[in-house]
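K.L.:
Pasting a structure below so you can have a look.
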Amino acid sequence: MARGKPLVRQWNLLKALQSHRFGVDTETLAQCAGCSKRQVQRDLAVLESVGFPVSFEMRDFGKRFWKLSPHFIENEGMILNLTEVLSLFLSRQMLSPLSGTLFGDGLTSVLEKIKSIVPKTALDYFYGLEDSLLARSVKSSDYSKYSGIIQTINSCILENTVLRLTYASPSKDAYTCQYHPYGLIFFESNLYCIGYMSRYSQVRVIKIDRIKDVEPTEKKFKRPDNFSLGEHFKGSFGIITAGKPQKIIIRLFGWAAREVREQQWHPSQKIIEDSPDELLVEFELSNTIEFTRWILGFGANAKVESPLRLAGEVAAQITRMQKRYQ
């Protein structure tokens with residue numbers, strides 16, 4: 001059985017327990033989780049064994065009523081003070097890219113609770129502090145209108161359910177095919193899904209806002225045992241992964257050298273030579289499409305030293321760029 005299915009069921013049990021402050025009987029929990037009462041009892045035992053404060057009390061002639069301790073996170077290390085609550089609320093601009101996703105729902109819920117607890121006059125008073133920090137991005141995305149699609153995909157990821165989706169690729173007409181979703185990736189304000197696509201008989205990354213329709217099928221898939229999101233994107237400079245790993249050496253000058261020196265742009269990044277105004281850096285990547293775009297962004301302050309093939313590709317891009325201005 002896919003591990004995701006019990007997790008979804010147990011998550012729903014926690015939500016049900018959370019919403020019944022004074023306890024809820026096993027039969028009601030079984031209805032909420034869509035399973036048998038015996039399964040509920042097994043799940044409650046699992047939740048209790050991993051540390052959730054699940055307990056019961058006997059009422060109504062020996063009937064068990066289950067509940068979560070109301071003081072689960074009310075200990076000295078977890079109580080949020082007023083300034084921490086205000087800080088979380090005022091930092092919502094940093095969390096806005098997740099709006100509309102399954103992950104954003106929880107954040108929205110927290111922010112709404114803060115608004116209901118802290119007087120509006122108090123929140124308004126501290127709004128001025130937002131001017132002390134601006135979370136700025138060149139681009140942004142609002143996934144609120146895709147929330148249904150995202151929730152369906154996330155559920156199918158956890159339950160290993162095959163999807164039937166209609167996808168509009170930028171270079172092709174919209175098509176419908178089966179898709180085995182492995183996971184979601186959030187990259188540069190965009191949300192993607194990676195999985196096996198029947199149309200191409202290979203693992204493909206798709207962009208969420210290009211999905212026109214999605215519905216779960218009755219089929220199940222087995223995610224490869226050796227598949228890992230982290231490992232799959234290890235050699236990528238962004239979201240494109242196809243290709244064999246290769247070492248790339250670039251030389252940077254002036255402000256470009258300073259910028260690359262101050263940041264870790266990729267896990268494989270390694271400085272070979274370093275001087276005040278020049279930097280020689282090595283990367284190991286399996287695809288160079290996004291890396292080439294990054295290099296071109298430094299203009300005359302970057303040069304590919306090796307491999308020669310990549311150096312030639314960048315030079316060809318520069319030649320085409322020059323022609324645009326002629």
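K.L.:
Among Leu308, Leu280, Leu285, which is among the aliphatic types (A, V, I, L, M) and free of Cβ contacts under 8 Å to residues at least 12 places away in the same chain?
P.N.:
Testing whether each residue is among the aliphatic types (A, V, I, L, M) and free of Cβ contacts under 8 Å to residues at least 12 places away in the same chain leaves just Leu308.
K.L.:
Looking at Thr217, Thr152, which one is farther than 30 Å from Ile295 by Cα, out of contact with any Cys (no Cβ under 7 Å at 6 or more places or on another chain) and part of a strand (DSSP E or B)?
P.N.:
Matching residue, one of Thr217, Thr152: Thr217.
K.L.:
When you look at Val8, is it in a helix (DSSP H, G or I) and at pLDDT 90 or above, yes or no?
P.N.:
Against the criterion (in a helix (DSSP H, G or I) and at pLDDT 90 or above), Val8 does not qualify.
K.L.:
Would you call Lys247 farther than 22 Å from Pro267 by Cβ, touching a strand residue (DSSP E or B) at 6+ places or on another chain (Cβ under 9 Å) and at pLDDT 90 or above?
P.N.:
So Lys247 fails the test.
K.L.:
Hey, among the residues in the stretch 190-209 that are assigned to a loop (DSSP other than H, G, I, E, B) and at negative phi, which one's surrounded by the fewest Cβ atoms within 10 Å (Cβ to Cβ)?
P.N.:
Among those that are assigned to a loop (DSSP other than H, G, I, E, B) and at negative phi, it is Tyr200.
K.L.:
Looking only at the stretch 214-244, how many residues end up being in contact with a strand residue (DSSP E or B) (Cβ under 6 Å, 6 or more places away or on another chain) and loosely packed, with under 13 Cβ neighbours inside 10 Å?
P.N.:
Total meeting the criteria: 3.
K.L.:
Look at Lys270 and say whether it is surrounded by fewer than 12 Cβ atoms within 10 Å (Cβ to Cβ) and not aromatic (Phe, Trp, Tyr).
P.N.:
Considered against the rule, which asks whether it is surrounded by fewer than 12 Cβ atoms within 10 Å (Cβ to Cβ) and not aromatic (Phe, Trp, Tyr), Lys270 comes out as no.
K.L.:
Run down Phe56, Phe65, Phe103 and say which single residue is modelled with pLDDT under 85 and either on the phi > 0 side of the Ramachandran plot or surrounded by 13 or more Cβ atoms within 10 Å (Cβ to Cβ) (or both).
P.N.:
Phe103
K.L.:
Turning to a different aspect of this structure: Mind telling me which of the residues Ser201, Ser171 ends up being out of contact with any strand residue (DSSP E or B) (no Cβ under 8 Å at 6 or more places or on another chain), closer than 22 Å to Phe227 by Cβ and of a type outside the set (A, V, I, L, M)?
P.N.:
Ser201
The values are calculated or read from the model by the stated rules, or taken from the named source; none is laboratory data. All values reported here derive from a predicted model rather than from experimental measurement. Cβ coordinates were reconstructed from backbone atoms using ideal geometry, including for glycine residues, and neighbour counts include every protein chain displayed.
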